[in-house]
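To start, the structure under review is shown below, and the notes come after it.
The values are calculated or read from the model by the stated rules, or taken from the named source; none is laboratory data. From a predicted model like this one, the values you see are computed outputs, not experimental measurements. As a convention, Cβ positions derive from the backbone with ideal geometry for all residues, glycine included, and neighbour counts pool all protein chains shown.
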């Protein structure tokens, strides 16, 4: 039986964990804020893809150190935040054969883990899913539900194929890529624009952000800047991606971005991983990004106001 430990099992971790458990994997979780409810009742998941169901993990831990047996896969689904040492967080549970899976937002986020665990295989994953927590232990899956997964920094992976087979079997579409770094830049085209714009406007949903020709043109220009940075970094994005993202987002039910939800509930936001790293890459490669620079400055102001 495949053993899986999900660290930071919030909405994304719970949804994917429940899918893996349905395929016979032994899925344990580490969660802090939801610990009391989840350890007692499990997760109450509402999902148009997997159906409404209750997911009771094999074991529920408050800290990683409580997990005494190294898992086959350690899936990290925490936010990538300033001042959080992700390597130190997972180290107590990582064994010599543990495959570390990062299902996290942002670009340039893998090197820290690869440096800390040079002997372990690392899979980098990009979740394409609209899901959130409405209350402790309650997961509301709204739209989409897939994962792009690849070995970091590149190449094929038998471990990735095994994990993808479990997810696909449960109905979570998992697509394997041999160039996951480029895939991260593709996702950044959406993430590094819609997320910060959603909070600079005061918790805007996708329909409002694309509600006028002017706002849509603004988002398009911001996306073009991300594409320019990606190309300069050696990961060019297909020219049709911008229009595809805009069209797809317009066709979905309006929803709040992950950053907007964090803003709404006063939680830490992934500004650095999603936008800050993109801006720093632009500066490194000499790419002019006036819109992204402005969004970065404004989101940092908002972050400071919330923190004070």
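Things to note:
- Members of the stretch 9-60 found to be on the phi > 0 side of the Ramachandran plot and modelled with pLDDT under 95, listed by number: 51
- Test: residue in the stretch 91-101 that is under 26 Å from residue 37 (Cβ atoms) and touching a residue at least 40 places away in the same chain (Cβ under 8 Å): yes
- Residue 137 being crowded, with 21+ Cβ neighbours inside 10 Å, assigned by TED's automatic domain parsing to the domain that holds residue 97, under 28 Å from residue 252 (Cβ atoms) and more than 15 Å from the chain's Cα centre (by Cα): yes
Listed here are the residues, each with its yes/no results for (1) modelled with pLDDT of 95 or more; (2) under 18 Å from the mean Cα position of the chain (by Cα); (3) surrounded by fewer than 21 Cβ atoms within 10 Å (Cβ to Cβ); (4) outside the structural domain of residue 130 (by TED's automatic domain parsing).
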| residue | (1), (2), (3), (4) |
| --- | --- |
| 194 | yes, yes, no, yes |
| 213 | yes, no, yes, yes |
| 231 | yes, no, yes, yes |
| 254 | no, no, yes, yes |
| 268 | no, yes, yes, yes |
| 289 | yes, no, no, yes |
| 293 | yes, no, yes, yes |
| 299 | yes, no, no, yes |
| 302 | yes, no, yes, yes |
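- Of the residues examined, residue 9 is not one that is in the same structural domain as residue 166 (by TED's automatic domain parsing), out of contact with any helix residue (DSSP H, G or I) (no Cβ under 7 Å at 6 or more places or on another chain) and not in a strand (DSSP E or B).
- Any hit, the stretch 91-107, residues being farther than 27 Å from residue 161 by Cβ, out of contact with any strand residue (DSSP E or B) (no Cβ under 6 Å at 6 or more places or on another chain) and part of a helix (DSSP H, G or I): yes
- Counting residues in the stretch 216-229 that are over 22 Å from residue 282 (Cα atoms) and touching a residue at least 60 places away in the same chain (Cβ under 8 Å) gives zero.
- Flag if residue 209 is under 29 Å from residue 305 (Cα atoms), crowded, with 18+ Cβ neighbours inside 10 Å, touching a residue at least 12 places away in the same chain (Cβ under 8 Å) and under 20 Å from the mean Cα position of the chain (by Cα): no
- Taken together, 111, 87, 116 contain a single residue that is free of Cβ contacts under 8 Å to residues at least 60 places away in the same chain, more than 13 Å from the chain's Cα centre (by Cα) and loosely packed, with under 14 Cβ neighbours inside 10 Å, which is 111.
- Candidates 155, 150, 173 - the one that is surrounded by fewer than 17 Cβ atoms within 10 Å (Cβ to Cβ), free of Cβ contacts under 8 Å to residues at least 40 places away in the same chain and under 17 Å from the mean Cα position of the chain (by Cα): 173
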